[in-house]
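Values in this text are rule-based calculations from the coordinates and carry no lab data. These figures come from a predicted structure and were not determined experimentally. Cβ sites come from the backbone with ideal geometry, for glycine too, and all protein chains shown count toward neighbours.
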């Protein structure tokens, strides 16, 4: 079971899962000893937990009649909490498999006699109805139509189960059956894209409605003044770089003075400008050195065209090598350089 903890492709994982299912069905005592503790290890990676849920559900569904209820009693309680998992694939996979288990072992209840049925059975009945009638769960099961019912752990270990497609409509079958987890992941990826689009539309709608509610009879002027204040903010963003000097009503400039700044202040500003120029020069040099280092680490390209014999094609390749600054162009015969057609196209 430690192999299920590793990262593997879904098709590889299904081979491991099928092997584990057959082992547990041949040795039922291992279910309580090994599988139940693994299902209760909630810190396990979601990918591995999905495999254990798949194993447990198929052990319940395909076990012999005399021990089937015992497996249900052992495995159903640790599977149920995984319906609340934050991991989308694990939660969806558990919903699909648990729906199969509930439909097989919990037949529909009579509404008239529901008062005399224990609470846990009524809870399972409502859970089964939700999984059966919820639109998202129905879409997920529809995407797995054919794959879910066609899987049988007993026939999957035979040559026919390994090398023959379980689904007749499956296109592009290459001796590796499509795993159920792979179908779930593909479906959920499509659903996530639709969910992102719908959430973005909802956010835009909510913002538009809030703006319409705020735009009352007396709030238009406030909104416009707030917008003007926001537009005026960038003007003062670079106060240390350039500043406009204005005089108040009670201040008058000295008309006799030839400059508003004394010589000392002018000298300080000139020094600051020189320092900024020096910093810019240092930054430019450091960027240039870094770019040269990156270019120095690149490997030179040598284009080998020894199988091309047409002169126009070789001339075009030579021009392309010049544009991309390759180190060299290898040709079958160096005499083509003297050819007039090559020289006309090349130059």
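Determine, for 44, 144, 199, the number of other Cβ atoms within 10 Å of each Cβ, and report the residues in order from fewest to most.
Values: 44 16, 144 20, 199 10.
The most exposed by this proxy come first: 199, 44, 144.
Taking the radius of gyration and the Kirkwood hydrodynamic radius from Cα positions alone, what is the Rg/Rh ratio for the stretch 55-98, to two decimal places? Spell out each step's value before the answer.
Working: Rg = 11.2 Å, Rh = 10.9 Å.
Looking at the stretch 55-98, the ratio lands at 1.03.
How long is the gain from residue 32 to residue 12 if the chain were fully straight, where each residue apart is worth 0.36 nm and the alpha carbon distance is subtracted? Walk me through the intermediate numbers first.
On the way: separation 20, 0.36 × 20 = 7.20 nm, distance 2.55 nm.
Full extension from residue 32 to residue 12 adds 4.7 nm.
When a/c reaches 1.5 or more, the comparison of a/b and b/c decides; with that in mind, is the stretch 302-346 rounded, prolate or oblate per its Cα gyration tensor?
Numbers: a/c = 1.85, a/b = 1.23, b/c = 1.50.
Oblate is the answer for the stretch 302-346, as a/c is 1.5 or above yet b/c matches or exceeds a/b.
Of the listed peptides 49-59, 313-323, what is their order by residue-averaged count of other C-beta atoms within 10 Å, with the highest listed first? Could you put the intermediate results ahead of the total?
Details: 49-59: 25.7, 313-323: 15.1.
Output ranking for 49-59, 313-323: 49-59, 313-323.
Mind jotting down the distance between the C-alpha centroids of the stretch 281-347 and the stretch 73-103, whole Å?
Comparing the Cα centres of the stretch 73-103 and the stretch 281-347, I get a distance of 60 Å.
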